[in-house]
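Heads up: the structure comes next, in structure tokens.
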């Protein structure tokens, strides 16, 4: 009975307007922005990031769609990749873009755990769970909302980053940075608006 109740609540909650915040020190009844479906941490001063799903090889990611971000844990890679389409609005991945470009490969290979993966398991935020077939660990199903990454003032604030971690660097009020930072287990790589 408990399993049925959880399944019904999950389906019903996906049909209503909602916003999720994770890791905020002060809960708020008001969303940060009406265009946000999920928000990680506070607006400034965080010290945690999100760790992307580890895959054994990007070409083996079944059903990947443009916008998918993963950590390729192969010893020869150990990089963060972004799935890109060749044309706008395409649902076919034409290329995996290296977001760790320029970073040195870690000296120690990382291995993912030996647990079997349930490939059907996923969390859907927004969208309709009855019709959304997008594969992924965390799927943002809203067509008009975005995710707000964990925000940190400096990567130095993250004491022990994990391979595959991603954060948004805010900097300080007097010295804003506004960059995406990804960690491959050895070095951080940075992306800023060009």
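Structure data summary
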quantity: Order by protection proxy (mean Cβ within 10 Å, highest first), peptides 69-82, 45-58; calculated: 69-82, 45-58
quantity: Point-to-point label distance, residue 90-residue 146, nm (Cα→Cβ direction, 7 Å offset); calculated: 2.3
quantity: Residue of 159, 61, 101 that the Gaussian network model of the chain assigns the largest fluctuation, springs spanning Cα pairs under 10 Å; calculated: 159
quantity: The chain: antiparallel DSSP beta bridges as a percent of all, rounded to 5; calculated: 60
quantity: Protection proxy ranking of 143-155, 180-192 - average other beta-carbon atoms within 10 Å, highest first; calculated: 180-192, 143-155
quantity: Hydrodynamic radius (Kirkwood) for segment 153-194, which is based on Cα pairs only, to one decimal in Å; calculated: 10.6
quantity: Of 83, 175, 64, the one that fluctuates the most in a GNM where the chain has Cα springs shorter than 10 Å; calculated: 175
quantity: Stokes-Einstein diffusion coefficient of segment 91-140, Kirkwood radius over Cα pairs, 25 °C, 0.890 mPa s, in µm²/s; calculated: 167
quantity: Rg/Rh ratio calculated on Cα atoms of the chain (Kirkwood radius); calculated: 0.97
quantity: Extension gain (nm, one decimal) between residue 112 and residue 131, 0.36 nm per residue minus Cα-Cα; calculated: 3.7 nm
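Every number here is computed from the coordinates shown, using simple stated rules; none is lab data. Bear in mind the structure is a predicted one, so any value in this text is a computation, not a measurement. A quick note on method: Cβ atoms are made from the backbone with ideal geometry, for glycine too, and the neighbour counts reach across all protein chains shown.
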